[in-house]
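Novice: Handing you a structure now.
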Amino acid sequence: MKLDSYIDAGVLASVGFANSLTPGYACGKPVTEIEVLEAVREVVAIDPPSVAAVSEDDADGFVALAQRLRAIFVGIDGGDIDDAAELLNNILSEHPAPPYLAKEEGVWHLHHHPASAAVLPMWTAICAEGLARMIGTQNAHRLGICMADNCDRAYADTSKNATRRFCSSACQNRTKTAAFRARKREAAATENKP
């Protein structure tokens, strides 16, 4: 997926951590058993050194980060941008994200985390900076909680017209199918009235 200028790896990782490391419902099914290290490695797979650096010692910290990130998505979804910004400011103050340039495969990239940070503080800073940029560029409306029944997973809307409100196409299709069936039942009931 091509990352737009406002949706970066930090935003996508925030969605990934919030969705894979917190209990709740995903696509109508309960999320109860979580393989923390496996989930973390999947989220940070964009950066192979991070995958290699994740250890058992990081598990509780990533779960705590995911809970904080979920609270931010819930706040934004509920229209409480001020609370979400305050939560982000707290994370940013705990994990400063000084910018620096790093040359990777012959190309310079701007990073927003300490160059020598361990994997947990590094990804905490990356996620906080990405979400803070969303709020700071007036793009918080692209973040939220899936509107499908029995789903509470976070999403980042990468669509051009900013209309996505589901965590996945599965939830979107499930919701559209349920609405179609409801309209069909209603039409049948109306036809059968004397």
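The values are calculated or read from the model by the stated rules, or taken from the named source; none is laboratory data. Computed from a predicted model, the values in this text were never measured in an experiment. Counting neighbours? That spans all protein chains shown, and the Cβs are built from the backbone with ideal geometry, glycine included.
Novice: Do you know which of the residues in segment 24-52 that are in contact with an Asp or Glu (Cβ under 9 Å, 6 or more places away or on another chain) and not β-branched (V, I, T) is surrounded by the most Cβ atoms within 10 Å (Cβ to Cβ)?
Specialist: This residue is A26.
Novice: Do we have any residue at all in segment 86-93 that's out of contact with any His (no Cβ under 7 Å at 6 or more places or on another chain), buried (at least 16 other Cβ atoms within 10 Å of the Cβ) and either closer than 25 Å to A170 by Cβ or free of Cβ contacts under 8 Å to residues at least 24 places away in the same chain (or both)?
Specialist: Yes - at least one qualifying residue is present in segment 86-93.
Novice: Tell me the residue from A140, A125, A97 that is within 30 Å of G78 (Cα to Cα) and in contact (Cβ under 8 Å) with a residue 40 or more places away in the chain, please.
Specialist: Matching residue, one of A140, A125, A97: A140.
Novice: Pairs needed: first member in segment 17-35, within 16 Å of S168 (Cβ to Cβ); second member anywhere, among the aromatic types (F, W, Y); C-beta distance under 8 Å; at least 6 residues apart or different chains.
Specialist: A18/F73; V31/Y25
Novice: Here is a follow-up. Taking strands (runs of 3 or more DSSP E) that fall entirely within segment 100-194, which contain at least 3 residues that are farther than 22 Å from S14 by Cβ, aromatic (F, W, Y) and in contact with a strand residue (DSSP E or B) (Cβ under 8 Å, 6 or more places away or on another chain)?
Specialist: Where strands (runs of 3 or more DSSP E) fall fully within segment 100-194, none carries at least 3 residues being farther than 22 Å from S14 by Cβ, aromatic (F, W, Y) and in contact with a strand residue (DSSP E or B) (Cβ under 8 Å, 6 or more places away or on another chain).
Novice: So for segment 179-190 (the condition being acidic (D, E), surrounded by 10 or more Cβ atoms within 10 Å (Cβ to Cβ) and at pLDDT below 90), does at least one residue qualify? So that I can check it myself, show each step before the final result.
Specialist: Just the residues of segment 179-190 that are acidic (D, E), to begin with: 186.
Remaining after also requiring surrounded by 10 or more Cβ atoms within 10 Å (Cβ to Cβ): 186.
Those left that are additionally at pLDDT below 90: 186.
Checked against the condition, which is being acidic (D, E), surrounded by 10 or more Cβ atoms within 10 Å (Cβ to Cβ) and at pLDDT below 90, segment 179-190 yields at least one hit.
Novice: Still on this structure: Under the condition of being within 18 Å of Q67 (Cβ to Cβ) and not hydrophobic (A, V, I, L, M, F, W, C), which residue from segment 128-146 is surrounded by the most Cβ atoms within 10 Å (Cβ to Cβ)?
Specialist: Only one residue tops the list, namely G130.
Novice: For segment 63-82, indicate whether the set of residues that are without any contact (Cβ under 8 Å) to a residue 24 or more places away in the chain and aromatic (F, W, Y) is non-empty.
Specialist: No, segment 63-82 contains no residue that is without any contact (Cβ under 8 Å) to a residue 24 or more places away in the chain and aromatic (F, W, Y).
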